[in-house]
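Let me begin by presenting the structure, written as structure tokens, before commenting on it.
The values are calculated or read from the model by the stated rules, or taken from the named source; none is laboratory data. Bear in mind that the values here come from a model prediction, so they are computed numbers and not experimental data. FYI the Cβ positions are ideal-geometry reconstructions off the backbone, even for glycines, and counts take in every protein chain you see. Areas reflect the complete protein model, heavy atoms only, side chains present, ligands, DNA and RNA absent. Shrake-Rupley method; radii C 1.70, N 1.55, O 1.52, S 1.80 Å.
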Amino acid sequence: MKILIIGLGYAGNRYRRAFEHIATSTGLPLSLAYVGRRQKETELPYFDSVDRALQVFEPDIVVVSVNDHSHAPVLKQLAGYRGFVLCEKPLVTPGDELDELLGALDQVGGFALDLVERYSDATQQLRDWVERHDWQLIRASFHWGKDRINDYRPTCGVTSEVIHALDLVGWICPRAGQLQLEGVLGVRSDFSISGAEVLDTVQLTASLGEAPVTGYASFVNIVRQRTVDFSFVDRDARLIHARLVFDTPRWDHDQLRIWTRGANGSEELLHEFATAPDEPGLDTLHKLSRLCRQVVRAVALKEPPRQPFAGLDTAVALQRLLNELDTHAQTPAPARYVHGETRVLLAEDSDLESLG
């Protein structure tokens, strides 16, 4: 089976490592190639254009892992492609035209947006608990941030980060309805090479059915901090609380805690789980490799995924939400991070934990 990676930068190399590990560990014959602006120091076959790669390599799977602003142009070049498309999040940037994009992808055989936190054991366990016990969501909140100050990679801003938390709330509580944005405050800055007024932080209110949702997301959090909190009511009108913590203290190290309180305020622990995967060769890739493995098996073996992929409908719904967030964010004057004559950038070969 042939896999074409469009964009072999940081994200593209993550996919390469994941697919190479799948080939080694499963014995499935996977052949990789890539498209890039320039040829890299790798033995993978190289193509300088998407059209030529599709014609010559004839891939079964295309991975779109270019920078945010290049997603839309690349996806449009896939017009007529009938294989499976795996796309790095977000789908596009707030300024891109969605209807034209959907027309270009109307013949693909499958599509998945890389919403990698869906593939955490902690996420899956909470989703199962909510479904099994028929809990009703009362409230949700999140804090989702990381430090991308002076990152060498272009970005469309915090919409590329907040998408994870927005998706998780609806994914864990699918019966609650569609997330509706109510209000947004934000901050813009020159934290990125992408511009002097890139939206780097948002604080939002929203609703999911009758449940209010509050959230904070930032690309200028000086530490990685990813938590999502829920309060539910069960069939007996008990309040149930749950907290998810992601990528702490290391990438892919996730935790789940579910509890309630007695009349005297004492805490009753219902469930606790922590995962610290350490499979060799999969540093920072454990969740991504699960998604990639399910894509490979769906294409090669026609095997239904263990959980539905985040398809085009999901990707577009989330993108419309991100567009609304970017458009309506009320922001003060932009913050300035660059005060010297030149910007100091992280090196492309920085450690994985820093760049993730």
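Per-structure values
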read-out: Qualifying positions in segment 100-120 - open to solvent by 50 Å² or more (accessible area, probe 1.4 Å) and touching a residue at least 24 places away in the same chain (Cβ under 8 Å); value: Glu100, Leu102, Gln107, Gly109
read-out: Conditions (1) farther than 22 Å from Tyr15 by Cβ; (2) over 19 Å from the mean Cα position of the chain (by Cα); (3) touching a residue at least 40 places away in the same chain (Cβ under 8 Å): number failed by Ser266; value: (3)
read-out: Residues located in segment 19-35, provided they are open to solvent by less than 40 Å² (accessible area, probe 1.4 Å) and without any contact (Cβ under 8 Å) to a residue 12 or more places away in the chain; value: Ala23
read-out: Candidates Gln125, Gln180, filtered to the one that is of a type outside the set (Phe, Trp, Tyr), open to solvent by 30 Å² or more (accessible area, probe 1.4 Å) and not in a helix (DSSP H, G or I); value: Gln180
read-out: Residue list for segment 50-83, filter: touching a strand residue (DSSP E or B) at 6+ places or on another chain (Cβ under 8 Å), open to solvent by 20 Å² or more (accessible area, probe 1.4 Å) and in contact (Cβ under 8 Å) with a residue 60 or more places away in the chain; value: Asp60, Val66
read-out: Extreme residue, least open to solvent (accessible area, probe 1.4 Å), among residues of segment 128-142 that are among the acidic types (Asp, Glu) and part of a helix (DSSP H, G or I); value: Asp128
read-out: Segment 93-115, subset within 14 Å of Thr314 (Cβ to Cβ) and at pLDDT 95 or above, residue nearest to the chain's Cα centre (by Cα); value: Leu115
read-out: Val108 vs. criteria assigned to a loop (DSSP other than H, G, I, E, B) and touching a helix residue (DSSP H, G or I) at 6+ places or on another chain (Cβ under 6 Å); value: no
read-out: Odd one out for Lys40, checked against (1) of a type in the set (Lys, Arg); (2) surrounded by fewer than 15 Cβ atoms within 10 Å (Cβ to Cβ); (3) within 20 Å of His69 (Cβ to Cβ); value: (3)
read-out: Pick from segment 276-297, criterion of a type in the set (A, V, I, L, M, F, W, C) and over 25 Å from Leu166 (Cβ atoms), ranking: surrounded by the fewest Cβ atoms within 10 Å (Cβ to Cβ); value: Ala276
read-out: Scope segment 242-252; condition open to solvent by 30 Å² or more (accessible area, probe 1.4 Å) and either over 15 Å from Lys146 (Cβ atoms) or in contact with a Pro (Cβ under 7 Å, 6 or more places away or on another chain) (or both); matching residues; value: Arg243
read-out: Qualifying positions in segment 253-265 - open to solvent by 60 Å² or more (accessible area, probe 1.4 Å) and part of a loop (DSSP other than H, G, I, E, B); value: Ala263, Asn264
read-out: Selection from segment 170-201 of residues that are touching a strand residue (DSSP E or B) at 6+ places or on another chain (Cβ under 7 Å) and within 16 Å of Arg320 (Cβ to Cβ); value: Gly170, Gly177, Leu179, Gln180, Leu181, Glu182, Val184
read-out: Residue match in segment 86-96 (condition: among the aliphatic types (A, V, I, L, M), part of a loop (DSSP other than H, G, I, E, B) and surrounded by fewer than 20 Cβ atoms within 10 Å (Cβ to Cβ)); value: no
